[in-house]
Amino acid sequence: MTELELLVDFHKDTERQGPGSTADTLRALSFINLKQNRLLKVADLGCGSGAHTITLAQNIEGHIRAVDLFPEFLDRLRQKSMDLGLQDKITPLQASMDNLPFGPEEFDIIWSEGAIYIVGFEEGIKKWKNFLKPGGYLAVSEITWITDSRPSEIEEHWNNEYPEIDTASGKIRILEENGFSPVGYFYLPLSSWIDNYYEPMEERFEDFLIRHGNSEAAMRIVDAEKEEIRKYRKYKNYFSYGFYVAKKLPGK
Ligand code: SAH
């Protein structure tokens, strides 16, 4: 198995592939004000196994195209959709978020939790905007500094990992500069990281290592996750995922 296949294997049998919660998804959704006199068209980009896709489908009258690069995640989402009778509302689609097979102004809502960093926040906004109808909404979560200053260890770590990390005001400015009017922001609480993401992950370490015969590559993945968890626990007062909801202005 390649390192990438191992990573997919590590993440595929979990509820979430990133921090989040049903309450976070519903809170972001509550900022969206679209007349529901017709069915809404939604794209959920980097959906993973789609915990939030299910929440959206249960709370929106419309149809969701759920996009991920890896079929393993989409298979899980397909199964969950069928179990819950939501298969007519969710269509999984294997595609890359930087090369989407969508037409201009196709969607009312573009959703993406913990995944826009893959193309980069600004690049994602610029590219995905074209697929949104004027007056449509973008809802994305993105790693964000939640204070104005922070200890150098965590500052340096994130600046190396993802130089686009910024405070909410920086992210909101980027939205404004690209033809969006921000309508909502909040950041994910501790429970969305610990209870919903890191603790379930910690429970899988041992099985994963055994399944892969304690290979060096498997151990590297576990060690990297442990280090990420350590940093989160130590510096949780300085960063989180910010959730940004913004409306596409007409004519932009
Ligand atoms: N939104 C999910 C998953 C977040 S993790 C959640 O919050 O639980 C990021 C997701 O992006 C993973 O599922 C990964 O498979 C997917 N991904 C990675 N590169 C991608 C690409 N180029 N195009 C689409 N999806 C991608």
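Numbers below:
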{"item": "Search result, residues across the stretch 43-69 that are away from the ligand (no atom under 16 Å from the Cβ) and either open to solvent by less than 70 Å² (accessible area, probe 1.4 Å) or closer than 18 Å to Val183 by Cβ (or both)", "result": "Asn59, Ile60, Gly62, His63"}
{"item": "Residue check for Arg27: under 17 Å from Gly242 (Cβ atoms) and among the charged types (D, E, K, R)", "result": "yes"}
{"item": "Selection status of Ile125, of a type in the set (Val, Ile, Thr), within 16 Å of the ligand (Cβ to nearest atom) and at pLDDT 95 or above", "result": "yes"}
{"item": "Subset of the stretch 192-236 [assigned to a loop (DSSP other than H, G, I, E, B) and either loosely packed, with under 12 Cβ neighbours inside 10 Å or touching a helix residue (DSSP H, G or I) at 6+ places or on another chain (Cβ under 7 Å) (or both)]", "result": "His212, Gly213, Asn214, Lys236"}
{"item": "Some residue of the stretch 34-42 being within 15 Å of the ligand (Cβ to nearest atom), in contact (Cβ under 8 Å) with a residue 24 or more places away in the chain and at negative phi", "result": "yes"}
{"item": "For Lys133: the one exception among (1) touching a residue at least 40 places away in the same chain (Cβ under 8 Å); (2) within 12 Å of the ligand (Cβ to nearest atom)", "result": "(2)"}
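The values are calculated or read from the model by the stated rules, or taken from the named source; none is laboratory data. Bear in mind the structure is a predicted one, so any value in this text is a computation, not a measurement. Quick reminder, even Gly has a Cβ in these numbers, built from the backbone with ideal geometry, and neighbours come from all protein chains shown. Note: accessible area is taken over every heavy atom of the protein model, side chains too, but ligands, DNA and RNA are not part of it. Shrake-Rupley method; radii C 1.70, N 1.55, O 1.52, S 1.80 Å.
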